[in-house]
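The values are calculated or read from the model by the stated rules, or taken from the named source; none is laboratory data. Worth saying up front: this structure is predicted, and the values here are computed from it rather than measured. Note that each Cβ is placed from the backbone with ideal geometry, even for glycine, and that neighbours are counted across all protein chains shown.
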Amino acid sequence: MHTPFDLIARSDKKLIGMVHVGALPSTPNNTQSVREIVLQATLEAKQLQDSGFDAIIIENMHDIPYVHGDDLTPDITAAMTAVACSVAAAISIPFGVQILSGGNTRALAVAHAAGGAFIRCENFVFAHVADEGVLGKAEAGGLLRYRKSIGAESIKVFCDIKKKHASHAITGDLSVADFAEGAKFFGADGLIITGSSTGKQTAIEDVRQAREAVDLPILVGSGVTPDNAAGLFEFADALIVGSWIKADGIWTNAVDPSRAQQMVRSVHG
C-alpha cells in the first residue's frame with residue numbers, strides 16, 4: 001500500500017530518487033526487451049527505497065531524441081505502465097511518473113492505474129522552446145480537466161517552471177516569481193526549479209524566489225549533491241536526485257547504491 005506524497009511540513013525534508021527507465025522499444029537507443037527494462041527499473045527503485053529515499057519517480061529519459069505530445073506512440077505508454085506496475089509491487093514508498101516529452105495525460109493515466117502519487121509535468125504554464133521544438137500550448141487546462149474526468153484528483157501535479165533543456169527568451173520579461181505565480185493560479189500542486197540542463201546545479205536564488213512568491217511545495221529538479229543539499233533545503237521542500245546517485249555521477253549509468261546511501265546520509269544523517 002503506497003502512502004500519499006505530501007510536502008506540507010517544511011521541516012520534513014524529502015528526497016526523491018530518479019529511475020531513468022531504459023530506452024523503450026520504438027526509440028533509437030533501445031537494446032532491451034520490455035521485460036529486461038522493467039526488471040532493471042524495478043531493481044533501481046528497490047535500491048533507492050532501501051537506501052532511504054522518501055519517494056521515487058520513473059521517467060523515460062533514455063528515449064532521446066524525444067517526440068512530443070500526440071507524436072508519442074502507444075507502446076511508450078504501455079511499457080511505462082508495465083514499469084510502473086512492477087515498481088508499485090516492489091516498493092512501499094510513494095512514486096511518480098513522467099513521460100517525455102509532454103506525455104502528461106499519459107503519465108497521469110499510468111500513475112492512476114498503478115497507484116502512483118504524483119506526476120512531473122513540463123510546460124504546465126507559459127510556452128517555450130525546448131530541445132524537441134516549440135512547446136506552444138500550456139498543459140494546465142487540458143491536464144487538470146483530464147485528471148478530474150478519470151477521478152484522479154489525489155494524484156499531484158508537480159510542474160517545472162523555466163524548465164531545463166529549453167530557451168525562455170519569449171518569456172524573458174517574466175521572472176521565476178512570475179512563473180511561480182502563474183503556475184499556482186492555474187492549479188499546480190508544486191513547483192520544480194532546475195538548472196539549465198540535466199545535472200546542472202539549480203541556483204539557490206531561483207529556489208528562494210519561488211519560495212517567496214507562492215505558498216506551494218517547492219522541489220529542486222537538477223544538480224543536487226550531498227554538498228549543496230543543505231543550502232537548497234533552506235527554501236525547498238524536496239530534492240529530486242537523478243545524476244549524482246548513478247555510477248560515477250553520470251545519469252545514463254545505473255543507480256549506485258553506495259552513492260544513494262551517501263546522498264541520504266547527507267540529508268537525514
Identity of the residue in the range 120-131, surrounded by 20 or more Cβ atoms within 10 Å (Cβ to Cβ) and among the charged types (D, E, K, R), that ends up nearest to I16 (Cα to Cα): R120
Among the listed residues I76, I93, I57, which satisfies the condition of being under 19 Å from W251 (Cβ atoms) and among the β-branched types (V, I, T)? I57
Can you spot a residue in the range 112-119 that is surrounded by fewer than 19 Cβ atoms within 10 Å (Cβ to Cβ) and at positive phi? yes
Scanning the range 132-151 residue by residue, the ones that are farther than 16 Å from R106 by Cα and surrounded by fewer than 15 Cβ atoms within 10 Å (Cβ to Cβ) total 4
Does the range 195-208 contain any residue that is over 17 Å from the mean Cα position of the chain (by Cα), crowded, with 21+ Cβ neighbours inside 10 Å and more than 20 Å from G96 (Cα to Cα)? yes
Cβ-Cβ below 9 Å, separation at least six or inter-chain, first residue in the range 172-191 and more than 16 Å from R208 (Cβ to Cβ), second of a type outside the set (G, A, S) and loosely packed, with under 15 Cβ neighbours inside 10 Å: which pairs? K184/D215
I'd like the full set of residues that are buried (at least 18 other Cβ atoms within 10 Å of the Cβ) and in a loop (DSSP other than H, G, I, E, B), limited to the range 9-36. K13, V21, G22, A23, L24, T27
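Is it fair to say Q32 is in contact with a strand residue (DSSP E or B) (Cβ under 7 Å, 6 or more places away or on another chain) and farther than 26 Å from V134 by Cβ?
So Q32 fails the test.
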(1) at pLDDT 90 or above; (2) out of contact with any Phe, Trp or Tyr (no Cβ under 7 Å at 6 or more places or on another chain); (3) over 14 Å from E122 (Cα atoms); (4) buried (at least 17 other Cβ atoms within 10 Å of the Cβ) all hold for G221 apart from (3)
Members of the range 66-93 that are over 15 Å from V110 (Cα atoms), surrounded by fewer than 16 Cβ atoms within 10 Å (Cβ to Cβ) and of a type in the set (A, V, I, L, M): A90
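Would you call R106 surrounded by fewer than 24 Cβ atoms within 10 Å (Cβ to Cβ), among the basic types (K, R) and modelled with pLDDT of 95 or more? Explain how you work it out, then say what you get.
Working: surrounded by fewer than 24 Cβ atoms within 10 Å (Cβ to Cβ): yes; among the basic types (K, R): yes; modelled with pLDDT of 95 or more: yes.
Against the criterion (surrounded by fewer than 24 Cβ atoms within 10 Å (Cβ to Cβ), among the basic types (K, R) and modelled with pLDDT of 95 or more), R106 qualifies.
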Of (1) outside any loop (DSSP other than H, G, I, E, B); (2) touching a residue at least 60 places away in the same chain (Cβ under 8 Å), S154 satisfies every one except (1)
At least 1 residues that are touching a helix residue (DSSP H, G or I) at 6+ places or on another chain (Cβ under 6 Å) and under 30 Å from M263 (Cα atoms) in each: list the strands (runs of 3 or more DSSP E) lying fully within the range 37-150 that qualify. 55-59, 95-98, 118-121
